[in-house]
Amino acid sequence: MIVFLIIALILLSRSFYLKKEYAVTREITINKPKNEVFDYIKLLRNQNEYSYYNRKDPDTIKSYSGIDGEVGFVYRFDSKIKTIGTGTQTISEIIEGDKMCCNILFTKPLPLQSFAEIAVNSIDENETKVTWTFRSIYNYPLNVVIYFLDLEKLIGTDLASSLITMKEKLENK
C-alpha cells in the first residue's frame, strides 16, 4: 500500500510538468466537389449520419438550439455510455467553404474542454481532402491520463471511422 501511495504521489507531483493538451488529426479524400462536402459537414445534425460517437449510442438524448450551420448553433448530448458522456458541441467558427470549428464541453463522466476542426481542401474539381482535428485540454491532475492512455490511437481510430462513414455517405448521394 505504501509503495502504491508513493507512486501516486510521484505521478501527481510530476503531472505539474507534463503537457496538458493533446491533438489528433485524421484525413480522407472524398470524391465530391469541395463545396458539396463543406455544405454537408458544416451542419452538425449531419454528424448523426457519420460520427462514430453519434452512431455508437442510438439512445443518446439530443437537443439542438440555434440555426444549424451557423456560429452559435448548439448540440446537446446525454449518453449513458461513458465514452460518449454528457455535454455540448457549439459551432464556434465557420470560414465558409473552408472549415468549421466547434467547442465541445463534456460535463460527464469528467469535465473536459475539447475543440474540433473539420477543414476541406480541393484536390481537383471532384476530389476534396477532409482533415479532422480533435484537441483536448487535460488540466492538472488529469493531465497524467495522457501518458497512460494511447489517445492518438483511441481518438484517431474513432475519427478515421467517422471519416470513412462520411466518405461513404457523400459518395453514395
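A few notes on this one:
- Residue that is surrounded by the fewest Cβ atoms within 10 Å (Cβ to Cβ), among those in the range 126-161 that are modelled with pLDDT under 90 and in a loop (DSSP other than H, G, I, E, B): Phe148
- Looking only at the range 67-81, and only at residues there that are in contact with a helix residue (DSSP H, G or I) (Cβ under 9 Å, 6 or more places away or on another chain) and either farther than 16 Å from Ala116 by Cβ or at pLDDT below 95 (or both), the one that is most open to solvent (accessible area, probe 1.4 Å): Ile81
- Arg26 meets all of the listed conditions (1) part of a loop (DSSP other than H, G, I, E, B); (2) under 17 Å from Leu159 (Cβ atoms) but one, namely (1).
- Checking each residue of the range 106-125 against the condition of being open to solvent by less than 60 Å² (accessible area, probe 1.4 Å), at pLDDT 95 or above, within 22 Å of Lys153 (Cα to Cα) and among the small types (Gly, Ala, Ser) gives at least one match.
- Counted residues, the range 49-66 - those being assigned to a helix (DSSP H, G or I) and open to solvent by 40 Å² or more (accessible area, probe 1.4 Å): 5
- Of the residues examined, Glu36 is not one that is outside any strand (DSSP E or B), under 18 Å from Gln89 (Cα atoms) and among the acidic types (Asp, Glu).
- Qualifying position, being open to solvent by less than 20 Å² (accessible area, probe 1.4 Å) and in a loop (DSSP other than H, G, I, E, B), among Ile91, Ile84: Ile84
- Being touching a residue at least 40 places away in the same chain (Cβ under 8 Å), out of contact with any Ser or Thr (no Cβ under 8 Å at 6 or more places or on another chain) and in a loop (DSSP other than H, G, I, E, B) is not true of Gly69.
- Residues satisfying the stated conditions in the range 9-48, i.e. surrounded by fewer than 18 Cβ atoms within 10 Å (Cβ to Cβ), modelled with pLDDT under 95 and more than 21 Å from the chain's Cα centre (by Cα): Leu9, Ile10, Leu11, Leu12, Ser13, Arg14, Phe16, Tyr17, Leu18
The values are calculated or read from the model by the stated rules, or taken from the named source; none is laboratory data. Predicted, not measured: the structure shown is a model, and the values here were computed from it. All Cβ positions, glycine included, derive from the backbone under ideal geometry; neighbour counts span all protein chains shown. Areas reflect the complete protein model, heavy atoms only, side chains present, ligands, DNA and RNA absent. Shrake-Rupley method; radii C 1.70, N 1.55, O 1.52, S 1.80 Å.
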